[in-house]
Amino acid sequence: MARNLIATISGLIFGLGLCISQMVNPKKVIDFLDFMGTWDPSLAFVMGGGVLVYLVTWRFKKTRSRPLFDNKFIVPSRTSIDPHLLGGAALFGLGWGMAGLCPGPSIASLSYLISETFIFVSAMVLGIYFGGFLLPKKQ
C-alpha cells in the first residue's frame, strides 16, 4: 500500500514538474532542439536538474541494502548496446524532434485537452502495442 502511494505521489510530482518546466509545450521543446534557429537553452537546466536528482538518489542507493518501501532495488542487469536499443533510441529521438513530445510529457499534456496530444498519445500506445508483436521477446 505504501509503495503504491509513494509511486502515485512521485508521478504527480513528476507531472507537475513537467508542466512547470514547460516540457509539455511542444514549441518549447522544438525550440530547445533548434540550434540554428530559435534555440532556447532553458530545458537544459531542467534536464540537468533531473540528472542531479538521479545522481543523489544513486549515491543514496549505494548506502542502503534495500529501498525504503520495497524488499530490493530493481536494477537492470543488461548493459549491452544492441540494434533494438539503437533503433528505439532513434525512433524516440525522431518522434521527440518532430512532435516536441516524449512519453512522459505527452501524458501530462493530456490535461490540456489539445486534440494533437490525444492523436500523439494514441499513436504512441498503438506503436507500443504493435511493437510487441513485431519484435522478438528478449530473455
Odd one out for F133, checked against (1) in contact with a helix residue (DSSP H, G or I) (Cβ under 7 Å, 6 or more places away or on another chain); (2) more than 30 Å from M1 (Cβ to Cβ); (3) aromatic (F, W, Y); (4) at pLDDT below 85: (1)
- line: Scanning region 61-110 for residues that are small (G, A, S) and loosely packed, with under 10 Cβ neighbours inside 10 Å, the one farthest from G127 (Cα to Cα) turns out to be S65
- line: Exactly one of L110, L12, L101, L94 is farther than 23 Å from G131 by Cβ and either touching a helix residue (DSSP H, G or I) at 6+ places or on another chain (Cβ under 9 Å) or in a helix (DSSP H, G or I) (or both), and that one is L12
Qualifying residue in region 75-88 (condition: assigned to a loop (DSSP other than H, G, I, E, B), under 30 Å from M1 (Cβ atoms) and not hydrophobic (A, V, I, L, M, F, W, C)): yes
- prompt: Out of (1) touching a residue at least 60 places away in the same chain (Cβ under 8 Å); (2) under 24 Å from N4 (Cα atoms); (3) charged (D, E, K, R); (4) out of contact with any Lys or Arg (no Cβ under 8 Å at 6 or more places or on another chain), the odd one out for K28 is which?
  reply: (2)
message: When the residues of region 1-58 are narrowed to those that are surrounded by 11 or more Cβ atoms within 10 Å (Cβ to Cβ) and of a type in the set (S, T, Y), which ends up farthest from the chain's Cα centre (by Cα)?
response: S42
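The values are calculated or read from the model by the stated rules, or taken from the named source; none is laboratory data. Everything numeric in this text was worked out from a predicted model, so none of it was measured. Neighbour counts run over all protein chains shown; Cβ positions are idealised from the backbone, glycine included.
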